[in-house]
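Q: Have a look at this one before I ask anything.
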Amino acid sequence: MAADPPVRPPDLAELRGLVAAVHHGSIGAAAKELGVSQPALSKRLRQLETVVGVPLLERSPRGVVPTDAGRQLLFPAQRVLDELADVERAVLRLRGRPRSVRLAASAAVTESLLPPLLASYHRGRDQEPVELVVCSSTFVRELMASGGVDVGIAASGPGEDPDLEAFAHDELVVAVPQGHPWAGLAAVPDRELVGQRLVLREPGANQRQTAESLLADRGLELPEPRAEVRSTAEALQVARETGAPALLSRLSLPADPGMPVRPVAPALPRRFVVLVGPGRDLPGVRRLVAALRR
């Protein structure tokens, strides 16, 4: 017997809620981005799950991750929102306003480097508005591949993007809880690093992939993590609660993380690069890319 059709199509607010919740890994952070209360967004997402007929998010005290069904719906939802954004930009052009440039960037870059760069860019005369999408480096690349954004800033792991200059240099460091023996070290030796279970980012995160790749080149392997988290803030919280050090991006750390931060020796470097989508040879895109590469 065929399944019952949905009671109604998903609405745009529900799709925006799903995409934002998955991007942030948190309903609270998604609600803040969308300018609604957390209870209102939770209700919106439950309504979407009722329409679809299956759970779309796995919820826990640490945040949310998409179910298999959620992942299947995520990319069609993103395409719908991208096409709507194209319609909105077309309307602005017809009204004589400039087309905005869509920029996707990782949270580490957005919080630490982009604010002064974008402020300087917008002080220029007649610059097109920039529409910023904050997401993981992995999703930046997926948006670039799908044509959802014009420009991306993503972390580049070992061997990736060899022909691209670095937009910014970063390294993986260890946030060490108070009282841990590593707090007394100037740097944590890599062979000692792999001898302890750490708080790590989730397997798909560039930070995790970079660490695993660089250590594998040295014949080393990270043990089973003490915990896997979706954000720097969560990693720091779990490190405080468990006493386990957290391996994190230096750029992603707040100015005062509330615990000692130690480099790894030898270092675990990574870099960020500027990506430009094919067919995006538009004046506004060129100006933004030139500003970022300066």
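Q: I'd like the Karplus ³J(HN,Hα) series for the range 51-56: coefficients 6.51, -1.76, 1.60, θ = phi - 60°, whole numbers in Hz, and an x wherever there's a Gly or Pro.
A: With coefficients 6.51, -1.76 and 1.60, one gets 4, 6, x, 9, x, 10 Hz.
Q: While we're here: Using modelled backbone amide H atoms (1.01 Å from N, in-plane), which distant-in-sequence or interchain residues come within less than 5 Å of Val65's amide H?
A: Counting only residues 5 or more places away or on other chains, the set is Glu58.
Q: Can you tell me the dipole magnitude for the range 232-294 around its Cα centre, using point charges on the Cβ only (Lys, Arg +1; Asp, Glu -1), in Debye to the nearest 20? Display every interim value, and only then the final one.
A: Values: 10 positive and 4 negative charges, 99 e Å.
Rounded to the nearest 20 debye, it is 480 debye.
Q: Continuing with this model, one more query. Rounded to the nearest 500, what is the chain's calculated 222 nm mean residue ellipticity when only DSSP H runs of at least 4 contribute -39500 (n - 2.57) each, over all residues? Before the final figure, lay out the partial values.
A: Numbers: 11 runs with 126 residues, N = 294.
Estimated from H runs of four or more residues: -13000 deg cm²/dmol.
Q: Still on this model: May I ask you to evaluate 6.51 cos²θ - 1.76 cosθ + 1.60, the Karplus curve with θ = phi - 60°, for each residue of the range 240-246 and list the ³J(HN,Hα) values in order in whole Hz, giving x for glycine and proline?
A: Per residue, the Karplus-derived 3J(HN,Hα) values read 5, 6, 9, x, 8, x, 10 Hz.
Q: I've got another one for you. Please tell me the relative contact order of the chain in percent, rounded to the nearest whole number, where contacts are Cα pairs under 8 Å and at least six residues apart. Could you put the intermediate results ahead of the total?
A: Numbers: 460 pairs, mean separation 58.4, N = 294.
Here the relative contact order equals 20 percent.
Q: Which GluC sites (Glu not before Pro) from the range 215-282 combine a DSSP loop assignment with at most 13 other Cβ atoms within 10 Å? The partial results should precede the final answer.
A: Working: sites: Glu221, Glu228, Glu234, Glu241; in loops: Glu221.
Here the sparse-neighbourhood loop sites are Glu221.
Q: Between the range 110-150 and the range 176-235, what is the separation of their alpha carbon centroids in Å?
A: Result: 29 Å between the Cα centres.
Q: Let me ask another. Can you run phi through the Karplus equation (6.51, -1.76, 1.60; θ = phi - 60°) for the range 142-157 and list ³J(HN,Hα) in whole Hz, with x for Gly and Pro?
A: 5, 5, 5, 5, 7, x, x, 9, 8, 9, x, 10, 9, 5, 10, x
Q: Rounded, prolate or oblate, given the Cα gyration tensor of the range 167-243, with a/c below 1.5 counting as rounded? Mind showing how you got there, number by number?
A: Working: a/c = 1.40, a/b = 1.14, b/c = 1.24.
Judged from the Cα gyration tensor, the range 167-243 comes out rounded (a/c under 1.5).
Q: Which percentage, to the nearest 5, of the DSSP beta bridges contained in the chain is antiparallel?
A: Details: 21 of 35 bridges.
Of the beta bridges lying entirely in the chain, close to 60 percent run antiparallel.
Q: Turning to a different aspect of this structure: Which whole-angstrom value gives the distance between the alpha carbon centres of the range 1-74 and the range 256-275?
A: Using only Cα atoms to place each centre, the spacing works out to 33 Å.
Q: Something else: Just to be sure I understand: with springs between alpha-carbon atoms less than 10 Å apart, which residue in Thr242, Thr210, Thr110 has the highest mean-square fluctuation in the Gaussian network model of the chain?
A: Result: Thr242 has the largest fluctuation of those listed.
Q: Okay, next question. Choose one of Val176, Gln38, Pro55: the residue whose Cα lies farthest towards the positive end of the charge dipole of the chain (beta-carbon charges +1 Lys, Arg; -1 Asp, Glu; about the Cα centre).
A: Among Val176, Gln38, Pro55, the one farthest towards the positive end of the dipole of the chain is Gln38.
Q: Can you list the residues, at least 5 places off or on another chain, whose amide H is less than 5 Å from the amide H of Arg226, using H built in the peptide plane?
A: Distant-sequence amide H within range of Arg226: Leu198, Val199, Leu200.
Q: Show Glu224, Glu160 ordered by accessible area, largest first, where the area counts protein heavy atoms only and the probe is 1.4 Å.
A: Details: Glu224 135, Glu160 75 Å².
The most accessible residue leads, giving Glu224, Glu160.
Q: Let me ask something additional. So who's got an amide H within less than 5 Å of the one on Val130, skipping anything under 5 residues away but keeping other chains? H placed 1.01 Å off N, in plane.
A: Amide H to amide H, under 5 Å and 5 or more residues apart or across chains, Val130 pairs with Val101.
The values are calculated or read from the model by the stated rules, or taken from the named source; none is laboratory data. This structure is a prediction, so every number in the text was calculated from the model and none was measured. We place every Cβ from the backbone using ideal geometry, glycine too, and count neighbours over all the protein chains shown. These area figures cover heavy atoms from the full protein model, side chains too; ligands, DNA and RNA do not enter into them. Shrake-Rupley method; radii C 1.70, N 1.55, O 1.52, S 1.80 Å.
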